[in-house]
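Quick notes on the structure that follows.
The values are calculated or read from the model by the stated rules, or taken from the named source; none is laboratory data. Note that the structure is a prediction, hence the values are computed from the model and not measured. In this analysis, Cβ positions are derived from the backbone assuming ideal geometry, glycine residues included, and neighbour counts consider all displayed protein chains. For the accessible areas, the whole protein counts, side chains as well, though only heavy atoms, and no ligand, DNA or RNA atoms are used. Shrake-Rupley method; radii C 1.70, N 1.55, O 1.52, S 1.80 Å.
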Amino acid sequence: MSEESKGRGRRAATRRRRKPPQRRRALTITAWTAAGVVLLGGGGLGWFYFKLNGNLKTVDIDQALGKDRPANVDNGSMDILVLGSDSRDGANSEYGADDGGSARSDTAMIIHLYEGHKQASVISIPRDTMLPRPACPTGKGKSSTPRQRAQFNEAFTIGGAACAVKTVEAMSGIRMDHYIEVDFTGFKKIIDNLGGVQLTTTKPIKDGGSHLDLQPGPHKLNGEQSLGLVRTRKSVGDGSDLGRIQLQQAFIKALIKQVKGVGVFDNPKKLYDLADSATKAITTDKALGDVKSLAGFAQGLQGITGENMHMITLPVTRDPLDKDRVAPLAKESKMVWDALLGDQPIPAAATENSSGDKSEAGSIVQ
């Protein structure tokens, strides 16, 4: 770490502005959450700026949670909670029965950007992890009742983004600098506007729940097929959510490679279509809630590739009270959180005893 970079605040990347290149361009960083994670910052002028800006939806996490949060760590790193939202109302109703408009977060990832933003660690949190859930604001001055034992993905259903963030912060002791949420329909459109994602499967994947049917070999997946892949669970590995996480992580790396290789900056229409679909697909915290801020944030991520992104699943084991759920391994999870707080690599010992990274599903996609 250089002396110049030390002491920069975690939010510095959001505030930085660079002189734009001669050719007007947007900076695209893609990853998934339920998707995987998709982040896109678009730079534009005039009508294009206002159009894209009007697409964005925001939540004010700071106002909702107040001061009852972990302290900011001033070491130049940054932590982002990324969720995949699967409310079954509106355009998402084709993926299951209407749930009355309540959303669920079946995919959750903490992205830790190391100081300098050239490397990242991604920690996937299984949706059925059993852990304590703190009291959460639920609107109109009311709060949910804290529980000593609750399924992780229920936090989002009960209290939305603020409760999901508060639950993650209570579990990890790490303050989330940003929040990004992606929905089903938006994810499909982003993939289609990218022109699909190239990957190779080593075994057949046929899943009735996600409507995916792939034979071994190379594929170029469209948006519908990509969504099917990251939702596939019962037909891979042991059929648990842990296998699905492995598929999602493999897909993210393929997706990042695709974004890096697509010449969107040389194709103004493709660039605009991608920016339009991405800004419609995501909900962010208030600090990222305009195109300029999102573009500045994305600009700080342009050095991240699949090769310098370390991806793990939260160290877990079978829950002793429910064989269909998992519980964090206390010692190993603490290794993960301590490493991130210190802006250090996650030690290999943190995942040696975990069920989360032993599924064969990750080897199915290359």
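Accessible surface of F50, taken over heavy atoms with a 1.4 Å probe and every protein chain present, rounds to 140 Å². What is the stretch 168-253 by shape, rounded, prolate or oblate, if you read a ≥ b ≥ c off the alpha carbon gyration tensor as root eigenvalues and call it rounded for a/c under 1.5, prolate for a/b larger than b/c, and oblate otherwise? It comes out oblate by the Cα gyration axes. Tell me, what is the FRET efficiency for K269 and T58 to the nearest 0.05, using R0 = 41 angstrom and their Cβ-Cβ distance as r? With a Förster radius of 41 Å, E is 0.90.
Share of the stretch 96-193's accessible area from carbon and sulfur, percent, 1.4 Å? After summing per-atom areas, the C and S share lands at 48 percent. Each peptide in 130-138, 157-165 gets a packing score, the mean of other Cβ atoms within 10 Å over its residues, and the list from highest to lowest is 157-165, 130-138. Overall, the stretch 265-337 carries a charge dipole of about 140 debye about its Cα centre when +1 sits on the Cβ of Lys and Arg and -1 on the Cβ of Asp and Glu, all other atoms neutral. Taking R325, R231 and ordering them by how much accessible surface each has at a 1.4 Å probe, largest first, produces R325, R231.
When nucleic acids and ligands are ignored and a 1.4 Å probe is applied, K166 ends up with an accessible area of around 40 Å².
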